[in-house]
Amino acid sequence: MNKQEGLDSLPENLKPVANSFWGFLLFNKRLMILLMLILMIVGGFSAFTMPRESTPEIKIPFASVMTAYSGASPQEVADQVTFKIEQEIKGLEGVEEMTSVSSENFSMISVQFDAQADIDSSIRKLKDHVDLARSKLPLDAEDPIVNEVSFSNRPVITFGFFGDVSYENLLHIAEDTGDALEKISGVQRTDIIGKRDKHILIAVREVDMRRFGMNLRQIAGAIQSFNLNAPVGNVEIDELLYRVRIQGEQETVQLIENIPLLTSNNATVYVKDVANVREEFKPAQTKSLISIHGQPALSAITLSLVKKTGANVIRTVDEAKQVVQDLKMQGVIPEQVEILTINDFSEFVREDFDNLLGSAKQTIVLIFIVLFLALGLKEALIAGLAVPFTFLIAFIYLKATGNTLNSIVLFALILGLGLLVDTAIVMMEGIHDNLYKKNMPPLEAALKAVKMYRFPLISGTLTTVAAFSPMLLMRGIMGQFFAYIPRTVNVVLLSSLFIGLLVIPAFAVLFLKSAEEKKKSQDIVLVALRQKVNAMFAFLNQKYSAILAMFLNSKRRRKQLYLGFAGLFTAALLLPVIHLIPIEGFPLVDADFMYVNVEAPLGTALQKTEKITEKVEEIIRHKPYIKNYTLNLGMSLDEDLSVSQSNTHKASFTLNLTDKDSRDLKAYEIAKQLKEEFKVITEADVKAETVRSGPPSGATIQVRLFGDDFKALGGVTRDVSAELKRLGGDQVDDDINTGTAEFTFNFQSDYSKAFLKNHNLTIRDVGQEVRMAVYPTKIISLKREDEELDIDIQREWDTENNKPHSIESIKNIPIQNAKGEYVSLDSLVSPTIGTSVSSIRHFDTKQAITVSADPKIGETSDALNRGIKDFLDNYDWPKGYSYQLTGGNADTEESFNDLFKALFMGILLIFLILTTQFDSFKQPFMIMTAVPLSLIGVLFGFLVFRLTIGVGSFIGIVALSGIVVNDAIVLMDRINVNRRKKGLALKEAIQEAGPARMQPILITSITTIFGVLPITFTDPFWLTLGSSIIFGLMFSTILTLLVVPLLYYSWEK
């Protein structure tokens, strides 16, 4: 049948629809089929080529400025490095906050820019401002390094190398492996943990130095002057250009040994005459060990791999494993070297994808069964086409906008799966009724359904889009993290509108038969099954009609119903207020790994820290649920397994657990058990950590305290820490741990300065000489092949680690003045002994101390947060002192506030859309009653099943506000049509509309619930989010069928 024949067969009232945009594909079937083929090809390509991630790649407006100042105390780093850089940065436009940590040998400044700032431009400006501070820093300080902080910049896999080979050979193997891995297109870099850099050490013998009348400063200056490569320029000789350059770098031990030195008698000696020159590894600051199957830990080197932004984590890790296997086959990695794979994030991604894709399959099957039982086989198949075609459009969008396929996007797709079929179901149900109840031809049935439902469906879809869209306004990392949900869901919903209103009717005309033709070809079994389903809906309709009539005919019953729901709504809102439903940001996750951080007192040598970790190993080694572990001495780990800080008093264990199916305890229960066992270790603070869902945010409770006097601030810190412990806080800690004992040679008095002058010395002379004697001090760096090699100078101490063994050794260091005379350090000034702090912290250049705590595992942070707030608000604060609550709980509160605003804005947008559609203020208000009705179901459902309200559940409530009004829109539209177009009386219009719309309302609600149900049980976070939608939709659907028509009757009567 051509288009004209089709038009001629239609009633006059449907011809305008047929000639419009809505009927275009009905008369252009070949074009429709071609469009669907293109969609399948492009969408399929997009789906298979999108990078796969566990979590979204977040562009954080953060940067760090790191500066090394070897041998310096925290106070010296703060005064001479951190403060000077902070002064330059604080004038930078767009900086939201700046924090700094000045610790021994190291300064780190963290800069957070405004969320809307262009990160690349901000980093460039930051580098320019830091460059201004370079000239003000000490000569011995390294150049500051400015880095962008990337949420995705964490290792995706780590390889541990261990075996019966020397450390040097093992390091070469790890470096060769790293070089090979960095050739993979998806790899950004590799980092070696446990690596000791080489240097050339000029260990000056004091006896020979004094014999020739020299000092360390003079020797260092001479070596520096003989290490220079300089371009001279070009010269023309015989009409040919020659480049001229001076090469003076002394790259080998032999060359350095033969550098001439001038003695006090103007005689020439060589470096080898006063010093031992040797190329060696620097003293170990970190060390790695590996234990497998409960065996004692063996020395190892670990190599972590960081992928590029946008790279496919699964493909990158698979290629990395293949490279390592190839190197093993080629003999680059010898047989005696074993390799352990640690923290393989591709496995976590695969698990996420398997769970989510499995949930998607279950969802599709459940939805198909519901559609099949409600409508029939062909109808279910045609309505089911909305799923793949809508997803294909979504994949094209995600690919085109540079998104990755991660757990958040997958969840949004599966959430959208339950929503997208609503349009197809309503359309298919309408076409089905027109075909088989009203005996219309397929073309007329399809156009009639399009005409009847297009505006309610558009309105319903837009209300759901309006509910999700304000979530895009969430701020910070949380906002970026969850922005994928509204973007993806909105694309799915808008795509489903196109598929449902244009494609589904075209397929229905193409494949559905008229009522008479269907009767001839029906299967007896299917007919019987359909009759039973119809009988069930007829029974429900009968009961529903009776209940509706009962309330319509009794004003008293209506009033009692309204008051009852108002009471339930009030009671539901009180449940979290009176703490019957606990509040928690993000739930703990049963991961396949966990980590343990060990922190001994500052100044603890690496060897002593290793002895402490041996006690930890005795506890964890034979635990049946620990498959293997890696120990990294000299560093601690953050919750995303990235290195937090490096120092000899720290250590970290990464524990790989056995499969979830083979252990009775969850990861966070194991952590709770280990925390109790670690209490016997008193020499260090040992913390067992597990991970939470959501982006990293630090400790749950963090109280940042501000004040000028460090001693007074320490008193406030102790009070806050004591209160957190009293409230039941776990792992209560602060960042003012007392550091090592400190010997101070103080030259601030007038007497000391005069004494220096009498000896023809300056403080600079003394400081440089003592520093060079005690600590390997860099003279110059050489570029050798592809590595940088430092030339350091130090006195030869003839001790195991070439360090002075007592304060007497330092007091006796000789200082040579301009006349060539030597005086000992203690003859100039005597040292005093005191204590130091491990680090000095600033927040926006103000001195700050942070106290942190977590709730006990298995408990929520709600009570702890309320308790510490009350304490801080009623505390007797010294003048000028203040506090700020930060940490995971503060981030959660900010997210709640943003979600409240999103909910409010969503409701306003929904009301605007409904007012536009119905040209009324009262009817949108009636429809919006579905929102509080849904909250009754959510909150009482959480109470019964002992769930917690968190970020996930709140996102579910925001989404629910757009979902639940859809049923009320369809019902309200039917009542209006009955009254305005069919001329029915008010009560008759309602009594006809309710039963007529009951079946599609129930079907759409059931499919949405079934769509969310499988994924709800895959993860604790999805459990709260999915449960919000399920409980809310179950309750509101039933009550919407009752309350909305009754309100309509009461207000329109």
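Restricting attention to the range 550-573, the residues that are surrounded by 12 or more Cβ atoms within 10 Å (Cβ to Cβ) and over 15 Å from Ser1050 (Cβ atoms) total 5. Given the criteria in contact with a helix residue (DSSP H, G or I) (Cβ under 6 Å, 6 or more places away or on another chain) and either modelled with pLDDT under 85 or not aromatic (Phe, Trp, Tyr) (or both), does Ala712 qualify? The answer is no for Ala712. The residues of the range 462-485 that are of a type outside the set (A, V, I, L, M, F, W, C) and either on the phi > 0 side of the Ramachandran plot or free of Cβ contacts under 8 Å to residues at least 40 places away in the same chain (or both) amount to a single one, Gly476. Strands (runs of 3 or more DSSP E) fully within the range 214-322 that include at least 3 residues being under 51 Å from the mean Cα position of the chain (by Cα) and in contact (Cβ under 8 Å) with a residue 12 or more places away in the chain: 229-237, 275-281, 287-292, 298-307.
You will find that of Gln218, Gln188, the residue that is polar (S, T, N, Q) and within 30 Å of Ser636 (Cβ to Cβ) is Gln188 and no other.
May I ask you to verify whether Ala311 is in contact with a helix residue (DSSP H, G or I) (Cβ under 7 Å, 6 or more places away or on another chain) and either of a type outside the set (A, V, I, L, M) or at negative phi (or both)? Step through it out loud before you land on a result.
On the way: in contact with a helix residue (DSSP H, G or I) (Cβ under 7 Å, 6 or more places away or on another chain): no; either of a type outside the set (A, V, I, L, M) or at negative phi (or both): yes.
No.
Of the listed requirements (1) in contact (Cβ under 8 Å) with a residue 24 or more places away in the chain; (2) in a loop (DSSP other than H, G, I, E, B), Phe678 misses just one: (2). Counting the residues of the range 976-1009 that are more than 30 Å from Leu373 (Cα to Cα) and surrounded by fewer than 16 Cβ atoms within 10 Å (Cβ to Cβ) gives 7. Among the residues of the range 178-194, those identified as out of contact with any helix residue (DSSP H, G or I) (no Cβ under 6 Å at 6 or more places or on another chain) and not hydrophobic (A, V, I, L, M, F, W, C) are Gly178, Asp179, Glu182, Lys183, Ser185, Gln188, Arg189, Asp191, Gly194. When you check Thr67 against the structure, is it at pLDDT 90 or above, among the β-branched types (Val, Ile, Thr) and in contact with a His (Cβ under 8 Å, 6 or more places away or on another chain), yes or no? So Thr67 does not fit the description; no.
Of the residues that sit in the range 143-163 and are at pLDDT 85 or above and surrounded by fewer than 18 Cβ atoms within 10 Å (Cβ to Cβ), which one is nearest to Gln325 (Cα to Cα)? Top of the filtered list is Gly163. Those strands (runs of 3 or more DSSP E) of the range 726-821 in which 2 or more residues are among the β-branched types (Val, Ile, Thr), more than 30 Å from Ala863 (Cβ to Cβ) and at pLDDT below 85 occupy 738-745. Residues that are in contact with a strand residue (DSSP E or B) (Cβ under 7 Å, 6 or more places away or on another chain), part of a strand (DSSP E or B) and at negative phi do occur in the range 576-588, at least one of them.
Residues in the range 993-1017 that are more than 15 Å from Ala968 (Cα to Cα) and free of Cβ contacts under 8 Å to residues at least 24 places away in the same chain: Thr1016, Phe1017.
Being touching a strand residue (DSSP E or B) at 6+ places or on another chain (Cβ under 9 Å) and surrounded by 14 or more Cβ atoms within 10 Å (Cβ to Cβ) narrows it down to one of Ile910, Ile868, so name that one. Quick ask: steps written out before the conclusion?
Working: Ile910 fails: touching a strand residue (DSSP E or B) at 6+ places or on another chain (Cβ under 9 Å).
After applying the criteria, what remains is Ile868.
Looking only at residues in the range 845-888 that are at pLDDT below 85 and part of a loop (DSSP other than H, G, I, E, B), the one that is nearest to Ile670 (Cα to Cα) is Ile857.
Within the range 937-946, take every residue that is of a type outside the set (Phe, Trp, Tyr) and surrounded by fewer than 22 Cβ atoms within 10 Å (Cβ to Cβ) and give me the one that is farthest from Thr1037 (Cα to Cα).
Kept after step one, since they are of a type outside the set (Phe, Trp, Tyr), are these residues of the range 937-946: 937-939, 941, 943-944, 946.
Those still in the list that are surrounded by fewer than 22 Cβ atoms within 10 Å (Cβ to Cβ) too: 941, 943-944, 946.
Working: Gly941: 15, Leu943: 20, Val944: 19, Arg946: 23 Å.
Per the stated criteria, the residue is Arg946.
One residue stands out in the range 70-103 among those that are in contact with a Lys or Arg (Cβ under 8 Å, 6 or more places away or on another chain) and under 21 Å from Asp792 (Cβ atoms): the one that is modelled with the lowest pLDDT, namely Gly71. Does Asp191 satisfy the criteria of being surrounded by fewer than 16 Cβ atoms within 10 Å (Cβ to Cβ), assigned to a loop (DSSP other than H, G, I, E, B) and touching a strand residue (DSSP E or B) at 6+ places or on another chain (Cβ under 8 Å)? Spelling it out, it is not the case that Asp191 is surrounded by fewer than 16 Cβ atoms within 10 Å (Cβ to Cβ), assigned to a loop (DSSP other than H, G, I, E, B) and touching a strand residue (DSSP E or B) at 6+ places or on another chain (Cβ under 8 Å). Taking the range 899-926 as the range and being of a type in the set (Ser, Thr, Tyr) and closer than 17 Å to Thr461 by Cα as the test, the residues that pass are Thr915, Thr916.
Name every residue in the range 93-122 that is farther than 14 Å from Ile840 by Cβ and touching a Phe, Trp or Tyr at 6+ places or on another chain (Cβ under 9 Å), in order of residue number. Even if it seems obvious, please write down each step before you answer.
Filtering the range 93-122 for residues farther than 14 Å from Ile840 by Cβ gives 93-98, 110-122.
Matches in the range 93-122: Gly94, Val95, Glu96, Glu97, Met98, Ser110, Val111, Gln112, Phe113, Ile119, Ser122.
Listed residues Gly983, Gly1011; which is on the phi > 0 side of the Ramachandran plot and not aromatic (Phe, Trp, Tyr)? Spell out how you get there, then give the answer.
Working: Gly1011 fails: on the phi > 0 side of the Ramachandran plot.
Only one candidate passes the filter, namely Gly983.
The values are calculated or read from the model by the stated rules, or taken from the named source; none is laboratory data. None of the values given here were measured: they were computed from a predicted structure. In this analysis, Cβ positions are derived from the backbone assuming ideal geometry, glycine residues included, and neighbour counts consider all displayed protein chains.
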